[in-house]
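Report on the following structure.
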Amino acid sequence: MNRPARLAVGVVSAGRVGSVLGAALARAGHTVVAASGLSAASLSRAERLLPGVPLLPPDEVVRSADLVLLALPDDALPGMVRGLAATESVRPGQIVVHTSGAYGVDVLAPAAEAGALPLALHPVLTFTGREEDLERLATASIGITAASEDEAAWHVGEALAVEMGAEPVRIPESARALYHAALAHGANHLMTLVADCTEVLRKAGIGQAERLVAPLLSAALDNVLRHGDRALTGPVTRGDLGTVRKHLDVLSAQAPQIAPAYRSLARRTAERSRDAGLLDAAAADALTDLLSDPAEGQTP
């Protein structure tokens, strides 16, 4: 794969993602010439990861760069792109990249109309904004979206991903929303699930909750990634109605904020177990009845 020419990189903004990707591009031989950031956290990250890089307003960052990296929250991205185009900060020949998982390249249409090459490069990684993220990139993928007919743009995106140490994966524009929903469902909800698990253990008076569950959760994640539904185990997959009933009772009494999520996930586990042939239909139906929301069917 051809390496991109050495580029002057501008980072908008120096948050957790922007600072790390800017540092990754600098490590690959590009030059980060400017970044934007207002918060104390952004200033601190820039000092650590982008030492010596001046912090400027976004339009000045864009004017100084060959490669513009828009590392913004999803809701802020469309307005920023429109604003930069309106101030004529974007010029022909620039590469304008955003890191949002929710958008493809359509959101960059104002930049493309100004003559820039639009790319979406979404790192499939949870960022802390610290130096260890640079090493984690080596084990991660980057979801790339370019204009469907522009094969050269796809190659530029792939080359940039490889230079940052990640594996490029092509994501068509039409698949972007479902792609991002799947990743958010897996990663973000996994974090909530684990946090709930350790919270309930601590509520039960059990110390070192994280240490207790780490081997179990690590093995469960490894097993499902290797074996899919065949890795399912536990009382739902075994059809142990009595155990599941006890779980519902104790959670409803002592952790009522978690009980609805337990019901929903247990129902989904029963469905997957049935479809995988691990749970017979009668047991799956009995579990579904047990796990139905008691509020369902009630009149307001």
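Here are the numbers:
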| quantity | calculated |
| --- | --- |
| Given (1) of a type in the set (D, E, K, R); (2) at pLDDT 95 or above; (3) assigned to a loop (DSSP other than H, G, I, E, B), index of the condition Glu296 fails | (2) |
| Residue list for segment 31-47, restricted to those being in contact (Cβ under 8 Å) with a residue 60 or more places away in the chain and touching a helix residue (DSSP H, G or I) at 6+ places or on another chain (Cβ under 8 Å) | Arg45 |
| Strands (runs of 3 or more DSSP E) fully within segment 28-112 counting 2 or more residues that are modelled with pLDDT under 95 and crowded, with 21+ Cβ neighbours inside 10 Å | none |
| Residues of segment 115-137 that turn out to be assigned to a strand (DSSP E or B) and hydrophobic (A, V, I, L, M, F, W, C), as a count | 4 |
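The values are calculated or read from the model by the stated rules, or taken from the named source; none is laboratory data. Because the structure is a prediction, the values reported are computed rather than measured. Reconstructed Cβ throughout: ideal geometry from the backbone, glycine too, with neighbour counts over all protein chains shown.
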